[in-house]
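Engineer: To start, I am sharing the structure in question, which I have written as structure tokens.
What follows is calculated from the coordinates using simple rules that are stated; it is not laboratory data. Computed from a predicted structure; not experimentally measured. All Cβ positions, even for glycine, are placed from backbone atoms using ideal geometry, and neighbour counts span all protein chains on display.
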Amino acid sequence: MARFLISGSRGTDDPTLATLPFIAAKTAKDQGHDVVLWLWSEAVTLGRKGTADHVVGVNLTPLKDLLAAVQAAQIPLWVCGACAVARQMQATDLVAGAAIKGMPDYIQAAAERDKVITF
């Protein structure tokens, strides 16, 4: 089993690229790996309730279905705190299973992981 930190930076501005970290996280978890999914920059909006309902990448599973799969698999979904503040998001705005985290959390997770994958 490997330990992955998978991060995404794209949101509704690029539905295809926004979806890929969720696919990677779910795939890694399905293969038995330990996974944390980190959303930063525009991707933090994907952690807001209702946003994933409207994101569908080219030839990809709708993000709402992938988010539900990530939640069901209990993959931690971390939302960059500074990025969330910049977009006027609070913890109460987040989907179930998501938490606002800071850069110290990200760096600690990156230091503890075997692989860091960024989209």
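Engineer: Please report the net charge: other residues with Cβ closer than 10 Å to the Cβ of A98, K and R +1, D and E -1.
Structural biologist: Charge balance in the 10 Å sphere: +2.
Engineer: Turning to a different aspect of this structure: Nearest-5 percent of antiparallel DSSP beta bridges in region 3-118?
Structural biologist: Counting DSSP beta bridges with both partners in region 3-118, the antiparallel share is about 5 percent.
Engineer: Something else: Cross-link candidates for K29: which aspartates and glutamates have Cα within less than 19 Å, leaving aside residues fewer than 8 places away along the same chain?
Structural biologist: D65, E112, D114
Engineer: Ignoring solvent entirely, what values of log10 I(q)/I(0) come out of the Debye formula for region 1-51 at 0.13, 0.24, 0.27, 0.31 Å⁻¹ when each Cα is a single scatterer?
Structural biologist: Here log10 of I(q) over I(0) equals -0.29, -0.83, -0.96, -1.11.
Engineer: Looking at region 64-119 from every direction and averaging, what is the projected area of its Cα convex hull in nm²?
Structural biologist: Mean projected area for region 64-119: 4.6 nm², to one decimal.
Engineer: Which residue fluctuates most in the GNM of the chain (Cα springs below 10 Å): G102, G47, G81?
Structural biologist: G102
Engineer: Same structure, new question: Just rank F4, F119, F22, fewest to most, by other beta-carbon atoms within 10 angstrom.
Structural biologist: F119, F4, F22
Engineer: Which values of log₁₀ I(q)/I(0), to two decimal places, follow from the Debye formula for the chain at q = 0.10 Å⁻¹ with a uniform point scatterer at every Cα?
Structural biologist: So the normalised log intensities are -0.24.
Engineer: Here's something else I'd like to know. How big is the Rg/Rh ratio for region 20-76, C-alpha atoms only, Rh by Kirkwood, two decimals?
Structural biologist: 0.94
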